Amino acid sequence: MSNKILAFIESKDGKFKNSALEVITEAHKIADDSNSELIVFTIGSDLDSEIQSLSNYGAKKLLVADLSEINTKNSVTDFKYSPPAFAKAISEIAKTQGANIILMSATSLGKDLAGRIAVRTDSSIFNDCIDIKIFDGNIVATRPVYAGKSLIDIKAASDRIVLTLRPNVFKPHKTENGNIEMEKVDVNSLSLNPEDFSSVVKEIVVSNEKLDVAEADRIVSGGRGLRGPENFHLIEDLASSIGGATGASRAVVDAGWRPHSEQVGQTGKTVTPSLYIACGISGAIQHLAGMSSSKCIVAINKDKDAPIFQIANYGIVGDVFEIIPALTQEFKKVLSN
Amino acid sequence: MKIIVCVSLVPDSTTKVKISDTKKSIDENGVSYIINPYDEFAVEEALKLKEKNGGEVLAISFGTDKARDAIKKAFQMGADKGVLIKSSSGDFDSYTVARNLAEYIKNQNPDIILMGKQSIDFDGLLVPSMLSELLNIPSISVVVKLDIADGKVIAEREVEGGKEIIESSLPIIIGTQKGINEPRYPNLKSIMASKSKPIEEIQASYTGNKVEITEMKLPAAKSGGKIFTNGKDDVSELVRLLREEAKVI
Ligand SMILES: Cc1cc2nc3c(=O)[nH]c(=O)nc-3n(C[C@H](O)[C@H](O)[C@H](O)COP(=O)(O)OP(=O)(O)OC[C@H]3O[C@@H](n4cnc5c(N)ncnc54)[C@H](O)[C@@H]3O)c2cc1C
Ligand SMILES: Nc1ncnc2c1ncn2[C@@H]1O[C@H](COP(=O)(O)O)[C@@H](O)[C@H]1O
């Protein structure tokens, strides 16, 4: 059976998120491998100037639904996001387009929507995938379980599947410069009613202007080895020298040195940057749970037996107060050339 | 207020994972089980709501007999009643869990259903939103702050780079995230009281997973990293390797 693939991509403030390109790249690959048609769908407004860029990644057809057009009609005003309405919109598009495979990113939004869409479309769900392959026309996905301590290969019991891709794992890949056809979705055809706006996001509070660890491609994290909150400027300086975000171990979050939003690990965020630099972090299994699938891990720790060295690609045994400033200098030096 | 809290039993987070002979699950020998840590936040929030608004807290778990231990932990913290939806098999996916919870809860008319945002075994992050669709009750997950007054719900949900402030109405499903509260430690009195609380057992009504595990495997071991021991003197070599070998800078 040939598939029809719907890639749902996210935008923010009139721009597509980086995850959008990851999703299109992978959806395009699955479409190619299984000889299927690909349709890209997004919800948002003011995206016109951005649309052409998607064609470089293999998107030929983009459907756009501007839900703000419906707000006034339903007298639901001023919402940023409504889970039931978004889930219904995506499910309706999948149905009308006859799509049996829905691909999206495992961002906060994607994780919130995927289960809803799977129930609505009676699909199997493969969440947080890190690898997708096709065997005999069937999709087999790999995803981490037990906090990354093991992996499972999964297949679906039906021919309808919703997949979410772990962010930063599938790299965007330019294919050809094609043309993209854009079609506006008539929002009234989505049969949304006031009930679908029973829970709405009224406001988004940006914690600070800093890059979030969960979205960053380079992360510098600090642990108890930094000795106190007053020393975290070292971590911030190192992070900014490589344009990265700052992260933290739970020990320093619990101690109140750093905000919880920076915590990496089992009870914090799961991150998969290209580069993760752990400074003064021992490498407890719960910390590793959040970062062990980073592409390149660098550890700086004065204890040569610290467990973090076992999963590090590179490491320096030494004092953070000596190494971090030197490393910051060296990064600045080579990156300014 | 009628409060339901859903709890699951998971391997302790320090468990060293070994793959079983079937290559489809972990080897359970020597594994110790705990209540899912996120569910402790859910139980705590349930108890706080009861203290404020009155009512009762019903703890539900879907699973094999073992899942009783999760309900017992909820009892020790202070939950009033418990239901085990008993599955004959330990092999079930998120949909099967959500479906069985929904079948039971639909006749209960709760004001609020509290859950953890994720269970730390399969890291699904799915059951709250799936249950939402099945029961047609809104759900908000990864919640770090919850306010309920006059039937109106205001929740703060953690997202990349900030928080979403979400407004909804009762009934509601909430998935709790660390930061929402500090789960209480059971005291001697509540532990003693928990012993006489019965767990009602009902049979699972739905079987039929939608996802099949074909293989469980361990992640490829990192081939030994390059660890330097000359401190500051190795910094420039490290940066060279990051650029030329790892190509990440
Ligand atoms: C249910 C549960 C969930 C958890 N979730 C998380 C989680 O999400 N994230 C998380 O991080 N942890 C989590 N933990 C906690 C985890 O077990 C560890 O306690 C924590 O990660 C330790 O933080 P740390 O590495 O900063 O501190 P420590 O373990 O104290 O390590 C400090 C390290 O710094 C080194 N050091 C000290 N001084 C220097 C110096 N001058 N120069 C260089 N190195 C130095 C030391 O050698 C040591 O290795 C969880 C625990 C439990 C039980
Ligand atoms: N077997 C189960 N029985 C009861 N509740 C569960 C079960 N599995 C998951 N849950 C609830 O759903 C939440 C999210 O789990 P999951 O979607 O599996 O990550 C958990 O924190 C529990 O509150």
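The values are calculated or read from the model by the stated rules, or taken from the named source; none is laboratory data. This one's a predicted model, so the numbers in the text were calculated from it and none came from an experiment. Note that each Cβ is placed from the backbone with ideal geometry, even for glycine, and that neighbours are counted across all protein chains shown.
Might you let me know whether region A:316-337 holds any residue that is under 30 Å from A:CYS129 (Cα atoms) and in a loop (DSSP other than H, G, I, E, B)?
Within region A:316-337, none of the residues are under 30 Å from A:CYS129 (Cα atoms) and in a loop (DSSP other than H, G, I, E, B).
Just the residues that are surrounded by fewer than 24 Cβ atoms within 10 Å (Cβ to Cβ), more than 7 Å from chain B (Cβ to nearest Cβ) and β-branched (Val, Ile, Thr), please, taken from region A:113-147. Matches in region A:113-147: A:THR121, A:ILE130, A:ILE132, A:ILE134, A:ILE139, A:THR142. Can we say A:LEU21 is under 26 Å from A:SER2 (Cα atoms), surrounded by fewer than 24 Cβ atoms within 10 Å (Cβ to Cβ) and among the hydrophobic types (A, V, I, L, M, F, W, C)? For A:LEU21, the condition - under 26 Å from A:SER2 (Cα atoms), surrounded by fewer than 24 Cβ atoms within 10 Å (Cβ to Cβ) and among the hydrophobic types (A, V, I, L, M, F, W, C) - is met.
Restricting attention to region B:95-116, does a residue exist that is among the hydroxyl-bearing types (Ser, Thr, Tyr), part of a loop (DSSP other than H, G, I, E, B), touching a residue at least 12 places away in the same chain (Cβ under 8 Å) and within 13 Å of chain A (Cβ to nearest Cβ)? Checking region B:95-116: not a single residue is among the hydroxyl-bearing types (Ser, Thr, Tyr), part of a loop (DSSP other than H, G, I, E, B), touching a residue at least 12 places away in the same chain (Cβ under 8 Å) and within 13 Å of chain A (Cβ to nearest Cβ). In the set A:SER150, A:SER191, A:SER199, only one residue is in contact with a helix residue (DSSP H, G or I) (Cβ under 8 Å, 6 or more places away or on another chain) and at the interface with another protein chain (Cβ under 10 Å from one of its Cβ atoms); that residue is A:SER199. Somewhere in region B:128-137, is a residue more than 12 Å from chain A (Cβ to nearest Cβ), surrounded by fewer than 22 Cβ atoms within 10 Å (Cβ to Cβ) and either within 16 Å of ligand 1 (Cβ to nearest atom) or not in a loop (DSSP other than H, G, I, E, B) (or both)? Within region B:128-137, not a single residue is more than 12 Å from chain A (Cβ to nearest Cβ), surrounded by fewer than 22 Cβ atoms within 10 Å (Cβ to Cβ) and either within 16 Å of ligand 1 (Cβ to nearest atom) or not in a loop (DSSP other than H, G, I, E, B) (or both). Given the condition in contact with a strand residue (DSSP E or B) (Cβ under 8 Å, 6 or more places away or on another chain), more than 10 Å from ligand 1 (Cβ to nearest atom) and within 11 Å of another protein chain (Cβ to nearest Cβ), answer yes or no: does some residue in region A:222-241 qualify? No, the conditions are met nowhere in region A:222-241.
Return yes or no: is A:LEU335 more than 8 Å from ligand 1 (Cβ to nearest atom), within 14 Å of A:ASP217 (Cα to Cα) and within 29 Å of the chain's Cα centre (by Cα)?
no
If you go through region B:17-39 and keep only what is of a type outside the set (Phe, Trp, Tyr), over 26 Å from B:LYS106 (Cβ atoms) and within 14 Å of ligand 1 (Cβ to nearest atom), you end up with B:SER32, B:ILE34, B:PRO37.
The condition of being over 30 Å from A:VAL253 (Cβ atoms) and touching a strand residue (DSSP E or B) at 6+ places or on another chain (Cβ under 7 Å) holds for only one of B:ASP111, B:ASP147, B:ASP121, that being B:ASP111. Scan region B:45-76 for residues that are more than 16 Å from B:GLN108 (Cβ to Cβ) and in contact with a Lys or Arg (Cβ under 6 Å, 6 or more places away or on another chain) and report the count. Total meeting the criteria: 1.
For B:LEU188, indicate whether it is away from ligand 2 (no atom under 15 Å from the Cβ) and out of contact with any strand residue (DSSP E or B) (no Cβ under 6 Å at 6 or more places or on another chain).
yes
When only residues in region A:280-315 that are within 7 Å of ligand 1 (Cβ to nearest atom) and assigned to a strand (DSSP E or B) count, which is farthest from A:VAL220 (Cα to Cα)? The extreme case among them is A:ASN301. If only residues of region B:220-235 that are of a type in the set (Gly, Ala, Ser) and out of contact with any Phe, Trp or Tyr (no Cβ under 7 Å at 6 or more places or on another chain) are counted, the one that is modelled with the lowest pLDDT is B:SER223. Scanning region A:167-183 for residues that are surrounded by fewer than 16 Cβ atoms within 10 Å (Cβ to Cβ), within 11 Å of chain B (Cβ to nearest Cβ) and not hydroxyl-bearing (Ser, Thr, Tyr) turns up nothing. Under the condition of being under 19 Å from A:VAL140 (Cα atoms) and in a helix (DSSP H, G or I), the residues counted in region A:107-129 number 3. Taken together, B:SER169, B:SER196 contain a single residue that is within 11 Å of another protein chain (Cβ to nearest Cβ), surrounded by fewer than 16 Cβ atoms within 10 Å (Cβ to Cβ) and either farther than 25 Å from B:ILE60 by Cα or hydroxyl-bearing (Ser, Thr, Tyr) (or both), which is B:SER169. Filtered by the rule that a residue be touching a Pro at 6+ places or on another chain (Cβ under 8 Å) and not acidic (Asp, Glu), region B:35-54 gives B:PHE41, B:VAL43. Residues of region B:225-249 that are at the interface with chain A (Cβ under 7 Å from one of its Cβ atoms) and outside any helix (DSSP H, G or I): B:GLY225, B:LYS226, B:ILE227, B:PHE228, B:THR229, B:ALA246, B:VAL248, B:ILE249.
Can you name every residue in region A:274-296 that is farther than 21 Å from A:PRO325 by Cβ and at the interface with chain B (Cβ under 10 Å from one of its Cβ atoms)?
Within region A:274-296, A:SER274, A:ALA284, A:ILE285, A:GLN286, A:ALA289, A:SER292, A:SER293, A:SER294, A:LYS295, A:CYS296 meet the criteria.
Could you tell me whether region B:55-73 includes any residue that is more than 21 Å from B:ASN209 (Cα to Cα), within 19 Å of the chain's Cα centre (by Cα) and away from ligand 2 (no atom under 15 Å from the Cβ)? Checked against the condition, which is being more than 21 Å from B:ASN209 (Cα to Cα), within 19 Å of the chain's Cα centre (by Cα) and away from ligand 2 (no atom under 15 Å from the Cβ), region B:55-73 yields no hits at all.
Here is a yes/no grid of residues against (1) out of contact with any Asp or Glu (no Cβ under 6 Å at 6 or more places or on another chain); (2) of a type in the set (S, T, N, Q); (3) buried (at least 21 other Cβ atoms within 10 Å of the Cβ):
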position: A:GLY247; (1), (2), (3): no, no, yes
position: A:ALA255; (1), (2), (3): yes, no, no
position: A:PRO259; (1), (2), (3): yes, no, no
position: A:ILE277; (1), (2), (3): yes, no, yes
position: A:HIS287; (1), (2), (3): yes, no, yes
position: A:ILE316; (1), (2), (3): no, no, yes
